[in-house]
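**Q** Supplied in structure tokens, the structure appears directly below.
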Amino acid sequence: MNEPEEYYLGIVKAIQEHNSADFEKHFEKKCKSKPGKDSPAPFVNDDFLIFSFIVGVVQFNIDKNWINHIISIRNRNDITITFENILKENYASTSNLPEIVLMFLKFINQSLITNDLLNFTFRKINENTILFDDKSDFRILCAIRAYDLIIERKEATEGNEITLLKNLIKTSKNALKFYLGFYNQHFFLA
């Protein structure tokens, strides 16, 4: 594994483990880089890395000046605008890509994920017939994971297929736990 990969994995691991000290160690290394609009470093347009920085900066309540500067020198596109709005806590902007906002909120504050946001995101993903033509792996993966999250979290009415599926999964898990417990108790402890 090369140095940039180790660096990126360190940031992601720190976020997953809620380890502020590790995140800050990696973040401060990158903050020493001072790219400008005329000479942006390659990492400036790395959507995965910038998203990870944003999640970590917000999660660990770190000063946003450096990441705001980095976003200001990025290529101006829908992802950059969404990043700007996320840092301003403007999650409802119609300029946002809702699949990215949904992924951000999943990491930072799931209580802000409303049924309206799920519906809006679902509609926008379905309307985007050129998603895979976009060539943005970051956006594609956000859309796919958002779609999964919508199915997992969607408020469904009783009798709805999603509710029935969730109940079946829950019942199957409980039955499996019971049978495994029964099996272990009677065959291994006897």
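**Q** Looking at segment 112-132 only, could you name the residues that are under 21 Å from Glu89 (Cβ atoms) and either among the hydrophobic types (A, V, I, L, M, F, W, C) or touching a helix residue (DSSP H, G or I) at 6+ places or on another chain (Cβ under 8 Å) (or both)?
**A** Leu112, Ile113, Leu117, Leu118, Phe120, Thr121, Lys124, listed by residue number.
**Q** Still on this structure: Against the condition open to solvent by less than 10 Å² (accessible area, probe 1.4 Å) and either within 20 Å of Ile11 (Cβ to Cβ) or out of contact with any strand residue (DSSP E or B) (no Cβ under 9 Å at 6 or more places or on another chain) (or both), how does Ile79 come out, does it pass? Steps first, answer last, please.
**A** On the way: open to solvent by less than 10 Å² (accessible area, probe 1.4 Å): no; either within 20 Å of Ile11 (Cβ to Cβ) or out of contact with any strand residue (DSSP E or B) (no Cβ under 9 Å at 6 or more places or on another chain) (or both): yes.
No.
**Q** Sort out which residues of segment 102-136 are in contact (Cβ under 8 Å) with a residue 24 or more places away in the chain and farther than 19 Å from Asn85 by Cβ, and write them in order of number.
**A** Result: Asn115, Phe122.
**Q** If you check Ile67, Ile11, Ile62, which single one turns out to be at pLDDT 95 or above, outside any loop (DSSP other than H, G, I, E, B) and either open to solvent by 30 Å² or more (accessible area, probe 1.4 Å) or among the β-branched types (Val, Ile, Thr) (or both)?
**A** It is Ile67.
**Q** Related question: Quick one: is Ile54 without any contact (Cβ under 8 Å) to a residue 40 or more places away in the chain, buried (at least 17 other Cβ atoms within 10 Å of the Cβ) and either assigned to a helix (DSSP H, G or I) or of a type in the set (S, T, N, Q) (or both)?
**A** Considered against the rule, which asks whether it is without any contact (Cβ under 8 Å) to a residue 40 or more places away in the chain, buried (at least 17 other Cβ atoms within 10 Å of the Cβ) and either assigned to a helix (DSSP H, G or I) or of a type in the set (S, T, N, Q) (or both), Ile54 comes out as no.
The values are calculated or read from the model by the stated rules, or taken from the named source; none is laboratory data. This structure is a prediction, so every number in the text was calculated from the model and none was measured. Positions of Cβ are generated from backbone atoms using ideal geometry, with glycine treated the same way; all protein chains shown enter the neighbour counts. Accessible surface is based on the protein model in full, side chains and every heavy atom, while ligands, DNA and RNA are left aside. Shrake-Rupley method; radii C 1.70, N 1.55, O 1.52, S 1.80 Å.
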